[in-house]
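The values are calculated or read from the model by the stated rules, or taken from the named source; none is laboratory data. Nothing here was measured: the structure is a model prediction, and the numbers come from that model. As a convention, Cβ positions derive from the backbone with ideal geometry for all residues, glycine included, and neighbour counts pool all protein chains shown. We work out accessible area using only protein heavy atoms, side chains counted, and drop any ligands, DNA or RNA first. Shrake-Rupley method; radii C 1.70, N 1.55, O 1.52, S 1.80 Å.
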Amino acid sequence: MRMSHMFLRTLREAPSGADSKGYEYLLRAGFISQLGTGIFSLLPFGKRSSEKIKKILREEMERIGGEEIEMPVVNPADIWKETGRYYSIDKEMARFKDRMNRDMVLAMTHEEAVTALARGIIDSYKKLPLLVYQIQTKFRDDPRPRAGLIRVREFSMKDAYSFDRDQEGLEKVYKDNYKAYFRIFSRTGLPVIVVASDSGMMGGKIAHEYMYLSPIGEDTIIICPECGYTANRQVARFKKELVKEEMKPLEKVKTPDAKTIDDLCTFLSISKEQTCKAVFMVGTFFNEETKEEEEKLIAAFIRGDMDVEESKLSNVTRASEIRPAHEEEIREYGMVPGFASAIGAHGDFVLVVDESVAGSSNLVAGANEEGYHYLNTNYGRDFSGGIVADIASARAGYKCPVCGKELTSSKGVEVGNIFQLGTRYSDAMGATFQDEDGKEKPLVMGCYGIGVGRLLACLAEEYNDENGLSLPITVAPYQVHLVSLVKDQQIADDIYQKLIERGIEVLYDDRKESPGVKFADADLIGLPIRITIGNRGLKEGKVEVKLRGTGEVTSYAIEDIADEVLREIEKETKKIEDNIFEG
RNA sequence: CGGGCAGUAGCGCAGGGGCUAGCGCGUCUGGUUCGGGACCAGAAGGCCGGAGGUUCAAAUCCUCUCUGCCCGACCA
């Protein structure tokens, strides 16, 4: 491609709002352009890189038996009503009516569409297992897009769906995808770790996320450097040191103004581990009978030294949404904010007790009376029932649930995820097959997603320096940047031609610009191999090859240049391929 | 959806009731340069986000609105 006629404008200054290096360079180098909040165009460079990522995605999906399909972005609302997600998902899903006044949605994912397909196509166990995938636009009306391509509203995603007879089959294909994902990320050059994750709106039980660790990430990852345990904080476990001792008699004490755990500990001269903390939320629940959403108070109790992880809380209570409760909502059930406990509470609320409270003895808890607490409260004796579960938020410094060593934490960007969906969608939509025993059974499903743009954004974040991008050769828009500094275009044109004929992807800077401008743009765009044609080398019949990654410079005779560049391309590619791994 | 900030030339910004709205970069024309964001000369480019209002006079003050950015709630 000749730069003199490209649909491109590089920027000398960072557009305002570009807060990360990767995002800044993608904008400045002309990979992307913003059209609205969370809505971007891909310019020629961005499009080419994106296509290279897609090619890798296709190759790796085909490698594990995936077949490419394409499902519509516009879905009739009916199928979303069948699974209930039409109601359980809020404003994040864009909805509209067609001319016949039918409800339509913009698909934010394709479980419904693919399940609708499957129920028409899969009838027998003999066809199973099956794996289909697509690379398709998703629209999610995110309330707060940010950080350039990291979190957007419209994006291209590779989403795959598997169908199996049983859990065993699902686990096999899940493992295939698990490995394929590592191959995919390593082929793009992006370092990732896999973490156990929350299944969120997808439903299902087992799920993993592929995380690119970076300060620009929005997720917090809990990591055990000792044994390798990793999990998204939303689900991360840790070892709780619990002390069970003989129960002492309940005792009410005066604790004026001790509304917080800190105040309470100071006042009574005790440690946080000896207290029980109350956290009140209001959850939205879907009532199966009335088919209506309803709100209910959730009263969660946890040992005073820990915090409640809201995603865990919403998981164990099966609330679709969760928000902090107002004071009146709490008092309605006989509990007094600041001095609250479950003791003496009444009415129909959801009680959740963290293991740390259920497993400890003689904790100090509120007396549900202004200015009073109880000493020696014990779950099972003084209050009982509800859900006993792990709802505690893990953090660095806590102990690993596996090996007991100290955990650390890191920020990460989720670039891919895999879910074992089970029969959640096939049950809801009646997608069944006839098994060997003649019985109709629901298909056992899994789904597997990778965001293309987000992956590109992470790569830009990982591969840059003070001069610009430096993407790996597998995803760079072109392999070679041919920079001509000589007036006589013929020599450069000839070399350009020769490289093209050898199948090399060349970006040819044939613009009438000063050397400084050309070099600066070359660094900014950051193609892995730069060829410079200048009078300096031409005197000896040579041109210069510079590697963007290392800065290494070598001169070659003009007649050898195509061969040498091919050799460099091979070397750069091999660097990536030697590091392909499957987890 | 709450809190904060901002919309003035393609990009980055200045100007905050009073003449024809500026600066840097970029763009165009001519010339000189030509291995790390060159120089000289000339030029083009604006409904000051939009709508109302106050005023003799509004980019500037007021009201409403739209859009974008950051933080939070939220989310893959």
Given the conditions (1) modelled with pLDDT of 90 or more; (2) more than 23 Å from A:Ile525 (Cα to Cα); (3) assigned to a helix (DSSP H, G or I), report the number of the one that A:Tyr87 does not fulfil. (1)
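So, in region A:37-48, how many residues would count as being within 12 Å of RNA strand B (Cβ to nearest atom) and either modelled with pLDDT under 90 or over 22 Å from the mean Cα position of the chain (by Cα) (or both)?
Filtering region A:37-48 down to residues within 12 Å of RNA strand B (Cβ to nearest atom) leaves A:37-40.
The next check asks that each one be either modelled with pLDDT under 90 or over 22 Å from the mean Cα position of the chain (by Cα) (or both); those that pass are none.
Within region A:37-48, residues that are within 12 Å of RNA strand B (Cβ to nearest atom) and either modelled with pLDDT under 90 or over 22 Å from the mean Cα position of the chain (by Cα) (or both) number 0.
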Pair list, Cβ < 9 Å and 6+ apart or interchain, from region A:125-136 residues that are without any contact (Cβ under 8 Å) to a residue 12 or more places away in the chain to residues that are part of a loop (DSSP other than H, G, I, E, B): A:Lys126/A:Glu436
Pairs, please: C-beta under 8 Å, at least 6 apart or cross-chain, first residue farther than 20 Å from A:Arg567 by Cα and within 8 Å of RNA strand B (Cβ to nearest atom) and in region A:531-544, second among the small types (Gly, Ala, Ser) and part of a strand (DSSP E or B)? A:Gly537/A:Ser555
Please go through region A:49-68 and give me each residue that is surrounded by 15 or more Cβ atoms within 10 Å (Cβ to Cβ) and either over 23 Å from the mean Cα position of the chain (by Cα) or part of a loop (DSSP other than H, G, I, E, B) (or both), ordered by number. A:Ile64, A:Gly66
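Among the small types (Gly, Ala, Ser) and either part of a helix (DSSP H, G or I) or under 26 Å from A:Leu27 (Cα atoms) (or both) - does that describe any residue in region A:131-150?
Filtering region A:131-150 for residues among the small types (Gly, Ala, Ser) gives A:147-148.
Now restrict to residues that are either part of a helix (DSSP H, G or I) or under 26 Å from A:Leu27 (Cα atoms) (or both): A:147-148.
Within region A:131-150, one or more residues are among the small types (Gly, Ala, Ser) and either part of a helix (DSSP H, G or I) or under 26 Å from A:Leu27 (Cα atoms) (or both).
Taking region A:105-126, which residues are open to solvent by 60 Å² or more (accessible area, probe 1.4 Å) and either outside any loop (DSSP other than H, G, I, E, B) or under 21 Å from A:Phe419 (Cβ atoms) (or both)?
As a first pass, look at region A:105-126 and keep what is open to solvent by 60 Å² or more (accessible area, probe 1.4 Å): A:117, A:119-121, A:123, A:126.
Result: A:Leu117, A:Arg119, A:Gly120, A:Ile121, A:Lys126.
If the requirement is being touching a strand residue (DSSP E or B) at 6+ places or on another chain (Cβ under 8 Å), within 30 Å of A:Glu111 (Cβ to Cβ) and free of Cβ contacts under 8 Å to residues at least 60 places away in the same chain, which of these qualifies: A:Thr432, A:Thr423?
On the way: A:Thr432 fails: free of Cβ contacts under 8 Å to residues at least 60 places away in the same chain.
Among A:Thr432, A:Thr423, only A:Thr423 is touching a strand residue (DSSP E or B) at 6+ places or on another chain (Cβ under 8 Å), within 30 Å of A:Glu111 (Cβ to Cβ) and free of Cβ contacts under 8 Å to residues at least 60 places away in the same chain.
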Some residue of region A:189-211 being under 30 Å from A:Lys441 (Cβ atoms), assigned by TED's automatic domain parsing to the domain that holds A:Gly38 and away from RNA strand B (no atom under 16 Å from the Cβ): no
What about A:Ile533, is it within 41 Å of the chain's Cα centre (by Cα) and either at pLDDT 95 or above or not acidic (Asp, Glu) (or both)? no
Looking at (1) part of a strand (DSSP E or B); (2) open to solvent by 20 Å² or more (accessible area, probe 1.4 Å); (3) not basic (Lys, Arg), which is the only condition A:Ile216 fails? (1)
Of all residues in region A:237-273, which are within 28 Å of A:Thr220 (Cα to Cα), modelled with pLDDT of 85 or more and open to solvent by 50 Å² or more (accessible area, probe 1.4 Å)? A:Arg237, A:Lys239, A:Glu241, A:Leu242, A:Lys272, A:Glu273
Touching a helix residue (DSSP H, G or I) at 6+ places or on another chain (Cβ under 6 Å) and either free of Cβ contacts under 8 Å to residues at least 12 places away in the same chain or surrounded by 21 or more Cβ atoms within 10 Å (Cβ to Cβ) (or both), is that true of A:Ala180? yes
Close pairs (6 angstrom Cβ cut-off, 6 or more residues apart or separate chains): in contact (Cβ under 8 Å) with a residue 12 or more places away in the chain in region A:47-68, open to solvent by 70 Å² or more (accessible area, probe 1.4 Å) anywhere: A:Ser50/A:Leu42
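Residues of region A:513-530 being in contact (Cβ under 8 Å) with a residue 40 or more places away in the chain, more than 21 Å from A:Ile32 (Cα to Cα) and open to solvent by 10 Å² or more (accessible area, probe 1.4 Å), which ones?
Let us first name the residues in region A:513-530 that are in contact (Cβ under 8 Å) with a residue 40 or more places away in the chain, namely A:520-530.
With more than 21 Å from A:Ile32 (Cα to Cα) added as a condition, the list becomes A:529-530.
Across region A:513-530, the qualifying residue is only A:Arg530.
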Can you pull out the residues in region A:1-29 that are in contact with a helix residue (DSSP H, G or I) (Cβ under 6 Å, 6 or more places away or on another chain) and either on the phi > 0 side of the Ramachandran plot or away from RNA strand B (no atom under 12 Å from the Cβ) (or both)? A:Phe7, A:Gly22, A:Leu26
Just one of (1) acidic (Asp, Glu); (2) within 11 Å of RNA strand B (Cβ to nearest atom); (3) modelled with pLDDT of 95 or more trips up A:Asp488, so point out which. (3)
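Could you please let me know if A:Gly516 is in a loop (DSSP other than H, G, I, E, B) and either closer than 25 Å to A:Ala460 by Cα or in the same structural domain as A:Gly453 (by TED's automatic domain parsing) (or both)? Steps first, please.
Working: in a loop (DSSP other than H, G, I, E, B): no; either closer than 25 Å to A:Ala460 by Cα or in the same structural domain as A:Gly453 (by TED's automatic domain parsing) (or both): yes.
So A:Gly516 does not fit the description; no.
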Any chance you could count how many residues in region A:37-48 are out of contact with any Asp or Glu (no Cβ under 9 Å at 6 or more places or on another chain) and among the small types (Gly, Ala, Ser)? 2
Output the number of residues of region A:1-31 satisfying the condition of being surrounded by fewer than 16 Cβ atoms within 10 Å (Cβ to Cβ), in a helix (DSSP H, G or I) and in contact (Cβ under 8 Å) with a residue 40 or more places away in the chain. 1
